[in-house]
């Protein structure tokens, strides 16, 4: 009996990543909208990856069965 492979959701594969410690991280939203109006501190936050909220983690894990590789 062969083991079934699970398909990775291609949209989730592009939007989320698994960090070295196993956390699911995402890019901050609104990054491309009206950058000139935003404060410098807000624009600096765009360079960091945000952790996914715990209520959403299980759903992303199911769509990303092999850690996004």
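Only the coordinates and a few stated rules stand behind these numbers; no lab work does. Since the structure is predicted, the reported quantities are computational estimates derived from the model, not experimental observations. Here Cβ is always computed from backbone atoms with ideal geometry, including for glycine, and neighbour counts include all displayed protein chains.
To one decimal place, what orientation-averaged projected area in nm² is obtained for the convex hull of the Cα set of the chain?
6.2
Please give the FRET efficiency for residue 28 paired with residue 66, using the beta carbon to beta carbon distance and R0 = 30 Å, rounded to the nearest 0.05.
0.75
Please give the helix 54-63 orientation as an angle from the longest Cα principal axis of the chain, in degrees from 0 to 90, rounded to the nearest 10.
On a 0 to 90 degree scale, this one is about 50.
Taking only DSSP H segments of four or more residues, each worth -39500 (n - 2.57), what value at 222 nm results for the chain once the sum is divided by all its residues, to the nearest 500 deg cm²/dmol?
The helix-only estimate for the chain comes to -8000 deg cm²/dmol at 222 nm.
Multiply the residue separation of residue 40 and residue 17 by 0.36 nm, subtract the distance between their alpha-carbon atoms, and state the gained length in nm to one decimal.
That works out to 5.7 nm of additional length.
With a cut-off of 15 Å, note down the residues of region 10-41 whose backbone N falls inside the zone around a label point 7 Å from the Cα of residue 54 toward its beta carbon.
23-24
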